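Shown next, in structure tokens, is the structure this report addresses.
Just so you know, all these numbers are worked out from the coordinates, no wet-lab data involved. Keep in mind it's a predicted model, so treat the numbers as computed, not measured. A quick note on method: Cβ atoms are made from the backbone with ideal geometry, for glycine too, and the neighbour counts reach across all protein chains shown.
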Amino acid sequence: MQTQIPQIHADRDHPQINRDRLNAQQYEAVTTVDGAVLVVAGAGSGKTRTLVYRVAHLLHSGVPPERILLLTFTRKASQEMLWRAGQLLNDSCSRVVGGTFHGIANMLLRRYSASLGFGSSFTIIDRADAEGIINLLKSSLGFSGKEKQFPSKRVLINMISGAVNKSRDLEDLILEQYGHLSEHLDDILVLRKHYGEFKFDHGLMDYDDLLVNWKRLLEEDPQARRDISSRFSYIMVDEYQDTNLIQADIVRLLALGHNNVMVVGDDSQSIYSFRGADFYNIMRFPKLFENTQIVKLEENYRSTQPILSLTNDIIRNSAEKYTKTLFSRIEGEFVPELYSARDEREEARFVAATIRKLRGEGVQLENIAVLFRSGFHSYKLEVELGTHGFDFEKRGGLKLTEAAHMKDVLSFMRILVNPKDTLSWNRILLQLDKVGPKTAQKITATIAATDDPVAALGSYKAAPAWKKGFEKLTVLCRRLLEEDRPTAIFELVMQYYTPLFQQIYRDDYPKREKDLDQLKGIMASYDDLQSFIDDTTIDPPETESEDAHYSDRLILSTIHSAKGLEWQVVFVIGLADGRFPHAAALAGDQWEEERRLFYVAATRARERLYLCYPREMMSTDRRFKRVGMSPFLRELQPGLYRHAADGHAADGYRSTDEPSLRAGKKDVAFSIPKSRTPKRSLDDFSLGSKVSHPFFGVGIVKKLTKPRTLDIHFDRHGLKSLHLDYAKLTIL
DNA sequence: GCGTATCGCGTTTTT
DNA sequence: CGCGATACGC
């Protein structure tokens, strides 16, 4: 390992680069202008900084800004980077093209729509549209009987989100994530086929379609490919471990003419495989591009050494290809603390009390974050913080535009942009009193069959019960067609929608009203509807409370939403068995991903890290159930953390029933499933043997069917066909 | 057949 | 809280 930072005095570059420090590896990455570069960088090792400096360097070397393409995970990230690069150059980087794969895809597809065989009026759908699609598909296909157990919505959300793509097929996904649902595979395949047709007929595009069509454009239209790859002669990709195979292909195709690609990533921070991301893209990169230069960044500039020692231990067992040993020269006497709480409420109290103490020591609230695996894990804490008067902001969970009332309003904008958008028509019609799924379906079918939806709407004969409301809608649509200013459209829609809104959400409409106000503000900054619609689906705005500019607030966030960020103090809560890793995570790849998720959480901390878990949690039948600490905590070496010294905390811990912690490494094998596929053989199960499944409960083995599949009759759930590699079965 | 009110139950992660 | 099942009313 290198022991000294070679200080680069970049005199031959520009003076601004001098001000900040770059180590030798970063400098190498920044200044390599030609050819493919893979930067494998650990957490907190200056990935962003490397990209920022590279943009600055390219511009300084005379590369025209519009020839640089910066692809990041969120649009915010690219804006932030370009802003920083601009600071470095005392200049603006606004002409550098930066954004997400999906955002850039959208931009290009609008421009080249002619050569792709679909009209330019398409609307983009997200997971919140899944329900509407399911309803329309179900009624038009007449799925019958079986749909009680039919996991259509979950699976459909996966399709929309791009977890299913050409390279990672639906069948694999079902087996991996819904092993016990494999009996529905045929139904799901039928659903998928019709879903594809449905989208095409109604000008809808999901996340995967954006990428697939971008790739098609590059592959099938040589002229477009040449245009695009000569337009962007320097490609940079951040968070490369979160790209899927289609994205990797797009990068390859983009660089076909020049090979100037730099990707930055960390295989041990790959946490998005459920969405189709494949971190092997990092391993494949050198094969894709000849003479790839590999740069490793191993110094961590974020965390103190005690924190780093612990986080290194978290990933010690995971099988990573690019082994990095992170080190830090930031000293710190604070050793990460483990707090074992009696229950969730006490865990919340500990967090609140510790935060209060930290504030007393002068730590600003905005420098503290509480992270957790799933959105609802913070409910108890939110209550607790509320009573203590702490101001907090929650990240993760529903996006602003995914809320029902937002979708309602946006539907009007969407039909104006894309009159074929049956999904939005359906939503609008459902708002009417006495109009349900069936009626809405009939009307949308009529509308879809004509070229002039509004005329069709006008001549549709309404039943007396909902005639009045329907006529109002027709009038609104006519008036909307005469407007093209977004703000005017918003006003018209609100005039119509407000009474309905107050009726539909009469219990809590005041709260939702604020969101609508916010939408008005956002719309005012656009002058055409199309780009407004695209932006809000691809990159939904955050929900903002009234005092958004008052920034001294605690952050509560899912770990996924905390990616790439850092705080002085980080609490990770809910580190209990069954909660983290998520109960449905299977041994093997999914288990490893959960471990990396924990790694990502812990590496967000600069100075202080608190790991907390409750020993008792509410289980499904409203009873309290004792739970142990997360297996990921149990496998840590005891010397790397200490127990929170806070009053009753220590006592609470001593009395627990978890000897494995004190015993340390010795007991590790006990709690961790053998990694990769736990090969259990069929021989272990004989006909008639009694087994237990975490969800279905107790059952009897009835039949051995396919190679590794069992038919089991469960007392409470009937006959299920389970795959040995995926179902968590215990022999009783 | 369709729409609506109500109760009870379970909640992964998201560009 | 949001969603599914269920019962009731037109």
Next on the checklist: Along each principal axis of its Cα atoms, how long is the range A:398-481 end to end? Whole angstroms, biggest number first, please.
Outcome noted: 38, 27, 22
Item to check | Sites A:K193 and A:S113, calculated FRET efficiency, Cβ-Cβ separation with R0 35 Å, nearest 0.05 | outcome: 0.90
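Once you sort the root eigenvalues of the Cα gyration tensor of the range A:304-424 as a ≥ b ≥ c, which label holds: rounded (a/c under 1.5), prolate (a/b larger than b/c) or oblate (the other case)?
oblate
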Item to check | A:R345 versus A:M283: modelled label distance in nm, points set 7 Å from Cα along the beta carbon direction | outcome: 4.9
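Sorting check: for A:34-42, A:555-563, which peptide has the highest mean count of neighbouring beta carbons within 10 Å, and how do the rest follow?
Details: A:34-42: 23.0, A:555-563: 21.2.
Ranking, from highest mean packing down: A:34-42, A:555-563.
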Checklist entry - If the chain between A:V383 and A:Q637 were fully stretched, how many nm would it gain, using 0.36 nm times the residue separation less the Cα-Cα distance? => result 88.1 nm
Item to check | Rg ratio (alpha-carbon, reference 2.2 N^0.38 Å) - the range A:228-296 | outcome: 1.07
Item to check | Nitroxide proxy distance, nm - points 7 Å out along Cα→Cβ at A:S525 and A:D201 | outcome: 3.9
Checklist entry - For the range A:576-613, list residues with backbone N below 14 Å from a point placed 7 Å from the Cα of A:E361 toward its Cβ? => result A:606-611
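Mean separation of Cα pairs under 8 Å and 6+ residues apart, divided by the residue count of the range A:154-283: what relative contact order is that in percent? Write down the numbers at each step before the final one.
Details: 145 pairs, mean separation 35.9, N = 130.
RCO, the range A:154-283: 28 percent.
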Next on the checklist: Starting from the Kirkwood Rh over alpha-carbon pairs, what translational D in µm² s⁻¹ does the range A:452-597 have by Stokes-Einstein at 10 °C and 1.306 mPa s?
Outcome noted: 79
Checklist entry - Any idea what the relative contact order of the range A:552-614 is, in percent, if you count C-alpha pairs under 8 Å spaced at least 6 apart? => result 54
Checklist entry - Considering every pair of different Cα atoms, what Kirkwood radius, in Å, is found for the range A:432-501? => result 13.0
Checklist entry - Using the Cα gyration tensor of the range A:179-325, with a ≥ b ≥ c the square roots of its eigenvalues, what is the shape: rounded (a/c below 1.5), prolate (a/b larger than b/c) or oblate (neither)? => result oblate
Next on the checklist: What does the extension gain come out to for A:R226 and A:K514, with contour length at 0.36 nm per residue minus their alpha carbon separation?
Outcome noted: 99.0 nm
Checklist entry - How many nm separate the modelled label positions at A:Q305 and A:R485, each set 7 Å beyond the Cα in the direction of the Cβ? => result 6.5
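Label the range A:469-537 by shape, choosing from rounded, prolate and oblate, from the square roots a ≥ b ≥ c of the eigenvalues of the Cα gyration tensor; if a/c is under 1.5 it is rounded, and otherwise prolate applies when a/b is larger than b/c, oblate when it is not.
Details: a/c = 2.42, a/b = 1.15, b/c = 2.11.
Oblate, because a/c is 1.5 or more while a/b does not exceed b/c.
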Checklist entry - Can you pick out the pairs among A:K193/A:K442; A:K434/A:K467; A:K138/A:K434; A:K407/A:K520 whose Cα atoms lie more than 18 Å from each other? => result A:K193/A:K442; A:K138/A:K434
